[in-house]
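Notes for the one structure printed next.
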Amino acid sequence: MSAFTPKIRFVVMSDIHTKPEKDCIELARLKKGLQDAYAYAEKCEYPKIDAFFAVGDFANHGEEEEMLHFKEVLDAELKPETDVTLSLASHEYAAGEDTAKERFARIFELPYDVHKVIKGFHFISVSTTRGCRFDEPQVTFAEDALKEAAADSQEKPIFFFQHPHISGTVYGSINWGEDTLYPVLMNYPQVIDFSGHSHAPINDPRSIHQEHFTSLGTGSLSYFELDEFDKVYGTVPPDAKECAQFLIVEADENNRVRVLPFDILTGKFFPYVWAIDTPGEPSSFRYTDKRYKTAVRPHFRKDTPLTIKQKDGVVTITFGQADIAEDRVNDYKIVIRDGDGKIVRQISIWSGYYLYTMPETLSVTVSSLPKGSYRAEITAKGFWRNTSDNALKAEFIVK
C-alpha cells in the first residue's frame, strides 16, 4: 500500500462553551487550537485545512454575545479555504430553541442541518431538537443524506456529525448518549461518526469505537467529565478545567482515514494515530470490544512509593503510579481492612490519565476511622477491565 498522503484534512471540536465575556479562556483555547492546527498543516506535504466542524455546545447558554464572540474568533483565525459547519444542541438552546435558531441563522448565515461534498467526500451534520434529541425532520434528513452519500460510493468514508454520542459506542455514551439515530447509521458501515456532549477525554482509547460503524468522541475546550460513577469526587475529576482537546482528521485518495488527537494546552499531539483503512468493512475494524480481552495488565514496580500519614484523625495515603505497557492506567482502587481483615473503606480514584502529563503521585484522605490497626491495599486498573498483577500494601495504626 502506498504512503499515506492526505487528500483532505479537517478539524473537529465540540463543547467549547463560549462565555459572554470576550476574554473567556475557552475562546483563547479555540484561537490557539486553530493556530496550532494550521501550523501543523503548513509543515505537511498537503498544507491545507479544508473544513472546520464544531459539533454542538459552541456557546454556553446560546446568548447573542457568545455567538458573536465565537464567530469573531472564527473569522479572525480560519482561512478562506476552510469550510465551516456548526451544529446546534442543548447549550445553544438554553435561551430557547426558536431564539437560538434565529440568532444562529442571523449571525452565522448557516443551515442547521448540512449535507455537503468536500474534495469528493460526503459530510453530514445534524442538529438536535428538544435539547439533545432527534425528531423529524432531522431523522429523515439523516436517512436521505446517508442514502445519497452511499449511492455515490460504497468505499468512501461518510463523515457524520451530531452533538450527543450514539448510545453504547464511545466512552461517555452511557450517560450522554442518544439512540434514535443508531438504526439509521448502522446500515452504513462506512460512516465515521463524530460526537461530543460528554466532555470525555479524547486521549481515552475508548473514545474511538467500532462495531457497526466507527464512532469518535471529540472532547471539550472547557472541562472534563468522565463516564464512571464510583469515584470519590463523582464524574468530574480533579483538574477538570485543564481541558482543551480536539481532533485533526485526514483522508487520502485510497479512502484511508487517520485521526490525530491534539492537546491545546501543551500544543502537542497525543502519541498515537487512529487508523481506519477500509471504513466500509467491519471485519477490518481495529477498535472494537475485542480490546477488553487484552492480556496487558498494570504493574507496580518494587520501588513504587507508598506513604501513609495521619494528623488530627485524618489519614493521607500517597502512592506512585503503576506502569503499563499499553495505553495508560485508568484508575485505582484503595481498600482498607481492619485488624480482623474486614473491609472498612473502598475508595476509587482516577489516575489523571486525561491530562497530557499525568501526575507522578496520587493522594487520598480517609477520616473517621476508629483507633486500631489497618492495612491498605492499592490495585490499578487499565481501560479494559485489566487489573494490576500486583498491589501496593502497607499497614498503619490510627491512634
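Computed from the coordinates by the stated procedures, all read-outs in this text should not be read as laboratory data. Please read these numbers as outputs of a predicted model, since none were measured by experiment. With ideal geometry, Cβ positions are generated from the backbone for all residues, glycine too; neighbour counts draw on all protein chains shown.
A few points about this structure:
- Crossing angle, helix 138-152 versus the chain [Cα axis fit, 0-90 degrees, rounded to tens]: 70
- Only Lys, Arg, Asp and Glu carry charge here, each on its Cβ (+1 for the first two, -1 for the last two); on that basis the stretch 320-399 has a dipole of about 420 debye about its Cα centre.
- Secondary structure note: in the stretch 22-132, about 50% of the DSSP beta bridges are antiparallel.
- For the chain, the longest principal axis of the Cα atoms and the long axis of helix 64-77 meet at an angle of about 80 degrees.
- Alpha-carbon centroid distance for the pair the stretch 196-262 / the stretch 370-392, whole angstrom: 27
- Among the GluC sites (Glu not before Pro) found in the stretch 163-233, those both in a DSSP coil and sparsely packed, with 16 or fewer other Cβ atoms within 10 Å of their Cβ, are GLU211, GLU228.
- Over the chain, equivalent-ellipsoid semi-axes from the Cα gyration tensor in Å: 41, 24, 20
- Net charge, GLY339 excluded, C-beta distance under 15 Å - Lys, Arg +1, Asp, Glu -1: +3
- Selection among ILE343, TYR332, GLY267 by position relative to the dipole of the stretch 223-364 gives ILE343 as farthest towards the positive end (Cβ unit charges, Cα centre).
- With 21 Å as the limit, the listed pairs LYS43/LYS79; LYS71/LYS241; LYS309/LYS399 have LYS71/LYS241 beyond it between alpha carbons.
- Nearest-ten-degree value, helix 97-108 long axis tilted from longest Cα axis of the chain: 60
- Taking the Cα centre of the stretch 182-292 as origin and assigning +1 to Lys and Arg Cβ atoms and -1 to Asp and Glu Cβ atoms, the resulting dipole is close to 120 debye.
- Nearest-20 debye value, the chain charge dipole, Cβ charges on Lys, Arg, Asp, Glu: 1980
- Inter-part distance where the stretch 10-33 and the stretch 280-347 are each reduced to a Cα centre, Å: 34
- Options ALA240, ASN254, TYR38, ranked by Cα towards positive dipole end of the stretch 6-293, top entry (Cβ charges): ASN254
- Summing charges over all other residues whose Cβ lies under 14 Å from the Cβ of ILE276, with Lys and Arg as +1 and Asp and Glu as -1, gives -3.
- Estimated 222 nm signal from helices in the chain, with DSSP H stretches of n ≥ 4 weighted -39500 (n - 2.57), rounded to 500: -5000 deg cm²/dmol
- 3J(HN,Hα) along the stretch 245-258, derived from phi through the Karplus expression 6.51 cos²θ - 1.76 cosθ + 1.60 where θ = phi - 60°, amounts to 9, 7, 10, 10, 10, 10, 9, 10, 5, 8, 6, 7, 10, 10 Hz, with x in place of Gly and Pro.
- Loop-resident sites, the stretch 240-340, for chymotrypsin sites (Phe, Trp or Tyr not before Pro), counting at most 14 other Cβ within 10 Å (DSSP): TYR272
- The stretch 132-164 and the stretch 105-130 have Cα centres separated by 11 Å.
- Backbone phi angles across the stretch 259-274, fed through the Karplus curve with coefficients 6.51, -1.76 and 1.60 (θ = phi - 60°), yield HN-Hα couplings of 10, 10, x, 10, 10, 6, 4, 9, x, 10, 6, 5, x, 6, 10, 7 Hz in residue order; Gly and Pro are listed as x.
- Qualifying aspartates and glutamates (Cα of each under 14 Å from Cα of LYS231; at least 8 residues distant if same chain): ASP331
- For the stretch 6-293, share of DSSP beta bridges that run antiparallel, in % to the nearest 5: 50
- Loop-resident GluC sites (Glu not before Pro) (DSSP state other than H, G, I, E or B) in the stretch 299-399 with no more than 11 further Cβ atoms inside 10 Å of their Cβ: GLU360.
- Leading residue at positive end of dipole, the chain (Cβ point charges), from THR304, HIS197, HIS122: THR304
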